[in-house]
Amino acid sequence: MPPELFTTDIRGQMIILGTGTSVGVPMVGCGCEICRSTNPRNSRTRCSAILGLPEGNLLIDTSPDLRYQLLREQIGLVHAVVYTHEHADHIFGLDDLRLMQFRLKGPVPLYCEPAVEARIRKSYDYAFQSPPDLHAGAVPQLRFNRIGLEPFDVLGARVTPIRLKHGKRFDVLGFRVGNIAYCTDVNAIPSESMDRLRGLDVLLLDALRPRGHATHFSLEQAVEMARELAPRQTYFTHMSHELEHDATNALLPPGMALAFDGLKIALE
Ligand SMILES: [Zn+2]
Ligand SMILES: [Zn+2]
Ligand SMILES: [Zn+2]
């Protein structure tokens with residue numbers, strides 16, 4: 001008999017799996033106070049989140065820390081994945097989806113734009129050879145579903161993509177489900193996207209560090225954007241080792257806080 005599946009029921013919740021920038025916090029080889037902090041909230045794996053939707057668990061991005069994140073939250077099932085963009089810190093945990101094809105009894109559905117699909121097909125070419133190499137569990141079995149800016153239905157929920165700028169020439173997607181929106185890897189929000197971010201209960205928003213950056217909001221820019229969009233609560237994510245959790249939170253306006261790995265948010 002195969003071993004029993006061990007998985008937490010996360011329906012009705014969004015769990016923030018990782019809140020760190022591309023190198024994570026602590027950063028390898030860094031002796032700064034935040035990287036050496038004993039406060040667990042200063043420990044940030046690479047950015048990702050998972051939504052417990054009515055018909056299953058929807059993962060946002062497959063970070064290089066995916067395996068550890070799922071173990072930490074005791075989540076044994078991913079029913080589908082939606083991608084924000086194709087940067088390495090958002091896709092390179094994809095091979096760990098191999099376990100899911102057995103539990104789903106079929107390929108794992110991936111929802112992404114064409115550029116993300118092209119990157120995944122190139123980076124994971126061994127998963128797309130025919131006939132597939134070796135035994136069934138050796139390669140991830142994946143099924144692409146193309147998305148654009150049209151809202152789409154997945155696992156019993158409607159997901160609205162939101163166009164975001166991640167640097168001048170690079171477009172990525174944020175996502176809104178009900179009154180929660182997840183917008184990471186962004187340094188500008190086009191006006192038509194602003195309209196999709198009104199009336200939110202919770203906004204997750206990129207805030208890399210105090211200083212400016214070419215492809216991410218600084219903390220100050222993110223606070224300004226949160227003021228403009230005025231959700232009930234904003235959590236900042238994709239943070240570097242320049243933001244100490246407690247000290248930064250003490251300075252933030254009401255209704256704004258740094259997210260942390262393991263943060264749970266109720267879906268309406
Ligand atoms: Zn990133
Ligand atoms: Zn550091
Ligand atoms: Zn990125």
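Only the coordinates and a few stated rules stand behind these numbers; no lab work does. Just so you know, these numbers come straight off a predicted model, no measurement behind them. Positions of Cβ are backbone-derived with ideal geometry, glycine not excepted, and every protein chain shown enters the neighbour counts.
At-a-glance table
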read-out: Sole exception among (1) away from ligand 3 (no atom under 16 Å from the Cβ); (2) among the charged types (D, E, K, R); (3) buried (at least 20 other Cβ atoms within 10 Å of the Cβ) for ARG98, by number; value: (3)
read-out: Among (1) touching a Gly at 6+ places or on another chain (Cβ under 8 Å); (2) within 16 Å of ligand 1 (Cβ to nearest atom); (3) among the charged types (D, E, K, R), the one test that ARG67 misses; value: (2)
read-out: Unmet criterion (only one of (1) within 13 Å of ligand 1 (Cβ to nearest atom); (2) in contact with a Lys or Arg (Cβ under 9 Å, 6 or more places away or on another chain)) for THR7; value: (1)
read-out: Total residues in region 173-203, condition surrounded by 20 or more Cβ atoms within 10 Å (Cβ to Cβ) and of a type in the set (Asp, Glu); value: 1
read-out: Filtered residues of region 243-268 (kept if over 21 Å from ILE15 (Cα atoms) and surrounded by fewer than 16 Cβ atoms within 10 Å (Cβ to Cβ)); value: ALA247, ALA250, LEU251, PRO253, PRO254
read-out: Residue satisfying condition, being under 20 Å from LEU155 (Cα atoms), surrounded by 18 or more Cβ atoms within 10 Å (Cβ to Cβ), touching a residue at least 12 places away in the same chain (Cβ under 8 Å) and under 11 Å from the mean Cα position of the chain (by Cα), within set LEU53, LEU58, LEU66; value: LEU58
read-out: Region 120-133, residues that are surrounded by fewer than 18 Cβ atoms within 10 Å (Cβ to Cβ) and closer than 21 Å to PHE92 by Cβ; value: ARG121, LYS122, SER123, TYR124, ASP125, TYR126, PHE128, GLN129, PRO132, ASP133
read-out: Odd one out for LEU208, checked against (1) outside any strand (DSSP E or B); (2) touching a residue at least 40 places away in the same chain (Cβ under 8 Å); (3) more than 16 Å from ligand 2 (Cβ to nearest atom); value: (3)
read-out: Candidates ALA226, ALA247, ALA214, filtered to the one that is out of contact with any helix residue (DSSP H, G or I) (no Cβ under 9 Å at 6 or more places or on another chain), within 16 Å of ligand 2 (Cβ to nearest atom) and not in a strand (DSSP E or B); value: ALA247
